[in-house]
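Before any comments, here is the structure.
The values are calculated or read from the model by the stated rules, or taken from the named source; none is laboratory data. Here the structure is a predicted model, which means the values were calculated and not measured. Reconstructed Cβ throughout: ideal geometry from the backbone, glycine too, with neighbour counts over all protein chains shown.
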Amino acid sequence: MNVLEAIKTRRSVRSYSSQPIPEEVLERMRQALRYAPSACNLQPWRFIFVVDPELRRKLAPAAYDQLWMAEAPVIVVGCGLPEQAFKGMGGYGNSVDIDVTIALDHLTLAAVAEDLGTCWIGAFDEEKVKRLLEVPRQAKVVAIIPLGYPASPGLNAPLEESQRKPTADVFSTDRYGVE
């Protein structure tokens, strides 16, 4: 699968089979995260692969009771290290959120190429997640990504063209272009 096919195919999967993910596939997921670009190549991150079933069951309520995510055999928690991130972001503080998000996006695309499903979880109680996973105070939990094989075939399938905005509503050249 090429990158554009992965982009078109990736969906938010909220129902996972219990099929374990082979270690060699998990290693490719780790490498997708590790090779992601970051501002000044500072790599201000740490990724926790939560595989313990009991710990996954405890993590789901910390994500505002999105209990379905505990079905995934792995939950990846993306943590940023603000003090290690690039500081000159043109009024936006530092690069930590963007850097971790880029890495997690690499994970979601690598996952779909392996027939795995993912779902961005941005709604969570950060303090509960940090306590549960022993994340240090100075780190920031940026996002949570369940990772596993979809429970039903076809959950990773290209969207119909009609489900996307027309290109004229999305792109312009040289100027913003909306009147």
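Can you name every residue in region 50-75 that is within 17 Å of K128 (Cα to Cα), surrounded by 14 or more Cβ atoms within 10 Å (Cβ to Cβ) and not small (G, A, S)?
Listed by number, the residues that qualify are V50, L55, R56, K58, L59, P61, Q66, M69, I75.
Count, please, the residues in region 101-134 that happen to be closer than 15 Å to L67 by Cα, in contact (Cβ under 8 Å) with a residue 40 or more places away in the chain and part of a loop (DSSP other than H, G, I, E, B).
The qualifying residues number 5.
Against the definition (within 20 Å of K130 (Cα to Cα) and either crowded, with 19+ Cβ neighbours inside 10 Å or under 18 Å from the mean Cα position of the chain (by Cα) (or both)), how does A32 come out, yes or no? Break it down into steps so the answer makes sense when it comes.
Values: within 20 Å of K130 (Cα to Cα): no; either crowded, with 19+ Cβ neighbours inside 10 Å or under 18 Å from the mean Cα position of the chain (by Cα) (or both): yes.
Against the criterion (within 20 Å of K130 (Cα to Cα) and either crowded, with 19+ Cβ neighbours inside 10 Å or under 18 Å from the mean Cα position of the chain (by Cα) (or both)), A32 does not qualify.
Each row is one residue, and each column tells you yes or no for (1) among the charged types (D, E, K, R); (2) closer than 18 Å to A143 by Cβ; (3) out of contact with any helix residue (DSSP H, G or I) (no Cβ under 9 Å at 6 or more places or on another chain).
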{"residue": "Y16", "(1), (2), (3)": "no, yes, no"}
{"residue": "P73", "(1), (2), (3)": "no, no, no"}
{"residue": "P82", "(1), (2), (3)": "no, yes, no"}
{"residue": "I102", "(1), (2), (3)": "no, yes, yes"}
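Among the residues that make up region 66-85, is at least one of them of a type in the set (F, W, Y), touching a strand residue (DSSP E or B) at 6+ places or on another chain (Cβ under 9 Å) and closer than 28 Å to I7 by Cα? Can you show your working first?
Pass one, region 66-85, residues of a type in the set (F, W, Y): 68.
Still in the list and also touching a strand residue (DSSP E or B) at 6+ places or on another chain (Cβ under 9 Å): 68.
With closer than 28 Å to I7 by Cα added as a condition, the list becomes 68.
Within region 66-85, one or more residues are of a type in the set (F, W, Y), touching a strand residue (DSSP E or B) at 6+ places or on another chain (Cβ under 9 Å) and closer than 28 Å to I7 by Cα.
Can you confirm whether region 156-178 contains a residue that is at pLDDT below 95 and surrounded by 15 or more Cβ atoms within 10 Å (Cβ to Cβ)?
For region 156-178, residues at pLDDT below 95 and surrounded by 15 or more Cβ atoms within 10 Å (Cβ to Cβ): present.
Tell me which residues, restricted to region 1-30, are in contact (Cβ under 8 Å) with a residue 60 or more places away in the chain and within 15 Å of G78 (Cβ to Cβ).
Answer for region 1-30, where residues must be in contact (Cβ under 8 Å) with a residue 60 or more places away in the chain and within 15 Å of G78 (Cβ to Cβ): just M29.
Looking at R137, is it assigned to a loop (DSSP other than H, G, I, E, B) and either aliphatic (A, V, I, L, M) or over 14 Å from A36 (Cα atoms) (or both)? Steps first, please.
Values: assigned to a loop (DSSP other than H, G, I, E, B): yes; either aliphatic (A, V, I, L, M) or over 14 Å from A36 (Cα atoms) (or both): yes.
So R137 passes the test.
When the residues of region 2-50 are filtered to those that are of a type in the set (A, V, I, L, M) and part of a loop (DSSP other than H, G, I, E, B), which remaining residue is farthest from I102 (Cα to Cα)? Talk me through it step by step, then tell me what you get.
Step one: filter region 2-50 for residues of a type in the set (A, V, I, L, M), giving 3-4, 6-7, 13, 21, 25-26, 29, 32-33, 36, 39, 42, 48, 50.
Imposing the further condition that a residue be part of a loop (DSSP other than H, G, I, E, B) reduces the set to 13, 21, 36, 42.
Details: V13: 19, I21: 23, A36: 7, L42: 13 Å.
Among them, the one singled out is I21.
Would a scan of region 137-151 turn up a residue that is more than 25 Å from S17 (Cβ to Cβ) and under 14 Å from the mean Cα position of the chain (by Cα)?
Checked against the condition, which is being more than 25 Å from S17 (Cβ to Cβ) and under 14 Å from the mean Cα position of the chain (by Cα), region 137-151 yields at least one hit.
Give region 147-165 a look and list any residue that's part of a strand (DSSP E or B) and hydrophobic (A, V, I, L, M, F, W, C), or say none.
Initial filter on region 147-165 (part of a strand (DSSP E or B)): 147-148, 150.
Correct list: L147 only.
Among (1) under 23 Å from N41 (Cβ atoms); (2) surrounded by fewer than 20 Cβ atoms within 10 Å (Cβ to Cβ); (3) under 17 Å from the mean Cα position of the chain (by Cα), which single condition is G93 missing?
(3)
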